[in-house]
1. Taking the Cβ of each residue in 137, 68 as the centre, tally the other Cβ atoms inside 10 Å and list the residues starting with the fewest.
2. Show that you can apply the helix-only estimate: for the chain, add -39,500 (n - 2.57) for every DSSP H stretch of four or more residues, divide by all residues, and state [θ] at 222 nm to the nearest 500.
3. Please arrange 10, 86 by how many other C-beta atoms lie within 10 Å of their C-beta, fewest to most.
4. So if we plug the beta-carbon distance of residue 94 and residue 52 into 1/(1 + (r/R0)^6) with R0 = 30 Å, what FRET efficiency do we get, rounded to 0.05?
5. Gaussian network model of the chain, Cα springs within a sub-10 Å range: biggest mean-square fluctuation belongs to which of 61, 22, 87?
6. What do you get for the angle between helix 123-136 and the principal long axis of the chain? Use alpha-carbon atoms, 0 to 90 degrees, nearest ten.
7. Which one of 58, 98, 43 has the biggest mean-square fluctuation once the chain is modelled by GNM with Cα springs under 10 Å?
8. Of 128, 14, how do they rank once you tally other Cβ atoms within 10 Å and put the fewest first?
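Derivation of every value follows stated rules applied to the coordinates shown; laboratory data play no part. Everything numeric here is computed off the predicted structure, so don't read it as measured data. No Cβ is skipped: glycine too gets one built from the backbone with ideal geometry, and neighbour counts run over all protein chains shown.
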């Protein structure tokens, strides 16, 4: 499922914020220490915009099916989450009502333990991010 961008093999990726470590499968923004290039700033804006859309989608999913936000038994977790995703997408496609109150007390990052964002960066992951940056700019 990977694609070739600027001579770099780019696999499917998860978007993470700057708290996460950059890896071959998790893409984070460039660290802004006041010296980002205009292209890196542009990448960060596009990354953030996309990540917010994804976070909102997961927030709506978790708001509609609160059982996902709770600890699930390992033997049932995949089936429960898959069923909730299918039902959620069906509801979204049919423009079923969604009560914004359902979003209260939903914490998208609950239970997530990010890695050390300052760890030495994976050179392949850096090449992937740079290739995506060049593609987007």
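1. 137, 68
2. -15500 deg cm²/dmol
3. 86, 10
4. For R0 = 30 Å, the calculated efficiency reads 0.80.
5. Result: 87 has the largest fluctuation of those listed.
6. The helix 123-136 is inclined about 80 degrees to the chain.
7. Per the Cα network of the chain with a 10 Å cutoff, 98 tops the list.
8. Fewest to most other Cβ atoms nearby, the residues stand as 14, 128.
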